[in-house]
Amino acid sequence: MPGREIQWNGPEQGSAGLRRMIGKSIVAKLGVSILLLVLAVLLPLGFVLNQLFTNFYFNETANELMTLTDQYADAISSVEDGQLDLYERLASLTGKELLVVDSSRIVVADSGIPGISEGERMSKELLSALAESAVQHKETVFVPGGAAYLSAGKPIYDGSGLSGGVFVLDSVTELNRSLAAVKQSVLLAGTGAVLLAIGFIFILTRKLSMPLLSMEKVTRTIAKGNLEARVAEGADDEIGSLSDAINDLAVELQRIQVNRRQFFADISHELQTPVTYLKGYAAALEKNLYQTDEERRQFERIIAQEASRLSRLISELFDLAKMEEGKIVLTMEAVDLCEITENVLEKMEITAKDKGIQLEFRRPDSVPLIHGDGMRIEQILTNLLENAVKYTGDGTVKVTVRNSGDVVETVVEDTGPGIPPADLPYVFDRFYRVEKSRSREHGGTGLGLAIVKRLTELQGGTVSVTSTTGKGTAFILSFSAMKEESV
Amino acid sequence: MKKAETAAAVFLIAAGVLCLTMSAGWFIEPQFTAVMATFMQVCLWMGLPIAAAGTLYWHIKQSRRQ
């Protein structure tokens, strides 16, 4: 009958499965580790207990045999003693065997030890072994397959000197039976201890790993996009700290997601506005919807302005994206902040003069160099000065370079309308405008200050802002001074 | 912990305690009262560290609440 061929890979498959389970489960890893530790304690303890019981029983037997041997050696006055039969019977009553030899090592009395008969000459080695057997825990077997004996021996002295020796022997069969029972008992206790340990280890590892498993579950939920998921508050330990860190991460991700959505909404809006203008005025030109040549030229001017604004917006967005991805290349070198500031002021002079704004520059005699990218610092200062000139109707824009300790600061102050305190924390955000309704009038992209902040931070500096509504605004750029170099 | 896991753990602990009880009563007459007395003593010895750990845990929790 054709049948399905069943393949069984045997223990290899099982052990691979076990390895996979242990490798993938923290509960299994922790459990197996603790169990191995328990076994590492229990196994030597079991061995020690076994040795302890064995030695105890052997020593007890040896002491008993030696005491009996002493008593027999004292009692037997001579190997020719006619009372040897009496000692033989006495020995069988005490459950021990008796062996008496004369000075020629010939057996003169024995209580019926298998393999030994009266009148037999014993070898010197055998007698020596019998005398030391109990002390050295060495058993003696007289007949192959017969009982093993522990023994002790003593010399017998009569008036003329050594007349022979007496040996008391005890079968170790009963002793070994008792020891086997003890071993079984210890083994059972060990098995009980291991089972108990497995039970408790299982509960313990599950309890310990539960917060970790819960964190894994929540983290996976967060990874799938549910940023509202949070890990339950844990204990005040490392695991609790980890759960706090995961919750912080979720909050941060949520913030990034909100920012990203806002960014896409902003960018769509910012791109849509000039495109709408371009579309509208281009259509007007195409359909000759103008009255005069002057009006046509105005339409063309608006198209050019909006195209330029769109181009600038895209360029700044590209710059900002590169900065945020860390792809911008900075040429870091020793930079003279005063020189750069003077260059920027020179470029801004005509624009400022057109608006009737007075530009002021203050600097100390000596200013340390800073470590930065000259081109990028110029871009930062240009953005700040453009903003200052743009938002100041008429008045003064003051630039001060100052050296305070290890820090070189550049302060760009204007006498414009100022920024309301509620708007101050957001001025460095992308597309954030204080006067949303008048943003087109000033022609900015809403990315200038965001670029300033990113560029400053990329060069290890900081930028901050202070403002008083109706009085003006001050942007403070701070960079660490380079050691022992100043101009 | 799932019910099956709790049951498995309780079973292992009970088996362990029974093994220890049997081992402790190896050389005595297998009378019910003697076995129960040994069982209670094994439980007592096992319960001592658990009670100590429980007291310590409770104490830590109380002090954290305060």
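The values are calculated or read from the model by the stated rules, or taken from the named source; none is laboratory data. Given the structure is predicted, the values throughout are model-derived calculations rather than measurements. Glycine gets a Cβ as well: all are built from the backbone with ideal geometry, and neighbour counts include every protein chain shown.
Listed values, structure above:
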| read-out | value |
| --- | --- |
| Some residue of segment A:257-264 being within 30 Å of B:Met22 (Cα to Cα) and in contact (Cβ under 8 Å) with a residue 60 or more places away in the chain | no |
| Top-ranked residue in segment A:220-270 [being farther than 18 Å from A:Tyr426 by Cβ and of a type in the set (Asp, Glu); ranked as modelled with the lowest pLDDT] | A:Asp236 |
| Residues of segment A:134-153 satisfying the condition of being of a type outside the set (A, V, I, L, M) and over 14 Å from A:Leu99 (Cα atoms) | A:Gln136, A:His137, A:Lys138, A:Glu139, A:Pro144, A:Gly145, A:Gly146 |
| Qualifying positions in segment A:404-427 - within 41 Å of the chain's Cα centre (by Cα), assigned to a loop (DSSP other than H, G, I, E, B) and hydrophobic (A, V, I, L, M, F, W, C) | A:Val427 |
| Tally of residues being of a type outside the set (A, V, I, L, M) and under 17 Å from A:Thr140 (Cα atoms) across segment A:96-108 | 2 |
| Candidate set from segment A:315-331 (those that are in a helix (DSSP H, G or I) and surrounded by 15 or more Cβ atoms within 10 Å (Cβ to Cβ)); member that is nearest to the chain's Cα centre (by Cα) | A:Met323 |
| Condition check for B:Cys43: within 14 Å of the chain's Cα centre (by Cα), within 12 Å of chain A (Cβ to nearest Cβ), surrounded by 10 or more Cβ atoms within 10 Å (Cβ to Cβ) and free of Cβ contacts under 8 Å to residues at least 24 places away in the same chain | no |
| Flag for A:Leu175 being more than 25 Å from the chain's Cα centre (by Cα), within 12 Å of another protein chain (Cβ to nearest Cβ) and either aliphatic (A, V, I, L, M) or within 30 Å of B:Leu12 (Cβ to Cβ) (or both) | no |
| Of the criteria (1) among the charged types (D, E, K, R); (2) over 58 Å from the mean Cα position of the chain (by Cα); (3) surrounded by fewer than 12 Cβ atoms within 10 Å (Cβ to Cβ), which one A:Arg260 fails | (2) |
| Which numbered condition A:Ser163 misses (of (1) within 14 Å of another protein chain (Cβ to nearest Cβ); (2) at pLDDT below 85) | (1) |
| Which numbered condition A:Leu345 misses (of (1) surrounded by fewer than 16 Cβ atoms within 10 Å (Cβ to Cβ); (2) within 17 Å of A:Val399 (Cα to Cα); (3) touching a strand residue (DSSP E or B) at 6+ places or on another chain (Cβ under 7 Å)) | (1) |
| Boolean, B:Ala53 is under 14 Å from A:Phe200 (Cβ atoms), under 19 Å from the mean Cα position of the chain (by Cα) and surrounded by fewer than 11 Cβ atoms within 10 Å (Cβ to Cβ) | yes |
| Set A:Thr396, A:Thr400: member being touching a Phe, Trp or Tyr at 6+ places or on another chain (Cβ under 9 Å) and either more than 17 Å from A:Thr351 (Cα to Cα) or surrounded by fewer than 20 Cβ atoms within 10 Å (Cβ to Cβ) (or both) | A:Thr400 |
| Candidates A:Val412, A:Val408, A:Val401, filtered to the one that is in contact (Cβ under 8 Å) with a residue 12 or more places away in the chain and under 25 Å from A:Leu447 (Cβ atoms) | A:Val412 |
| Positions within segment A:266-292 being free of Cβ contacts under 8 Å to residues at least 24 places away in the same chain and closer than 10 Å to A:Glu306 by Cα, in sequence order | A:Thr276 |
| Of all residues in segment A:170-193 being aliphatic (A, V, I, L, M) and under 23 Å from A:Ser111 (Cβ atoms), the one that is surrounded by the most Cβ atoms within 10 Å (Cβ to Cβ) | A:Val172 |
| Filtered residues of segment B:19-29 (kept if crowded, with 17+ Cβ neighbours inside 10 Å and facing chain A (nearest Cβ under 7 Å)) | B:Cys19, B:Leu20, B:Met22, B:Ser23 |
| Enumeration of residues in segment A:332-374 that are within 46 Å of the chain's Cα centre (by Cα) and either more than 18 Å from A:Met482 (Cβ to Cβ) or of a type in the set (D, E, K, R) (or both) | A:Glu333, A:Asp336, A:Asp373 |
| Residue match in segment A:222-233 (condition: touching a helix residue (DSSP H, G or I) at 6+ places or on another chain (Cβ under 7 Å), at the interface with chain B (Cβ under 7 Å from one of its Cβ atoms) and part of a helix (DSSP H, G or I)) | no |
| Considering residues of segment A:95-123 that are among the charged types (D, E, K, R) and under 22 Å from A:Pro144 (Cβ atoms) only, the residue surrounded by the fewest Cβ atoms within 10 Å (Cβ to Cβ) | A:Arg121 |
| Any chance A:Arg454 is of a type in the set (Lys, Arg), assigned by TED's automatic domain parsing to the domain that holds A:Glu349, buried (at least 17 other Cβ atoms within 10 Å of the Cβ) and farther than 15 Å from A:Thr341 by Cα | yes |
| Residue match in segment B:3-12 (condition: more than 10 Å from chain A (Cβ to nearest Cβ) and of a type in the set (Phe, Trp, Tyr)) | no |
| Residues of segment A:136-169 satisfying the condition of being within 60 Å of the chain's Cα centre (by Cα) and surrounded by 15 or more Cβ atoms within 10 Å (Cβ to Cβ) | A:His137, A:Glu139 |
| In segment A:184-201, the residues that are within 7 Å of chain B (Cβ to nearest Cβ) and touching a residue at least 40 places away in the same chain (Cβ under 8 Å) | A:Ala193, A:Ile198 |
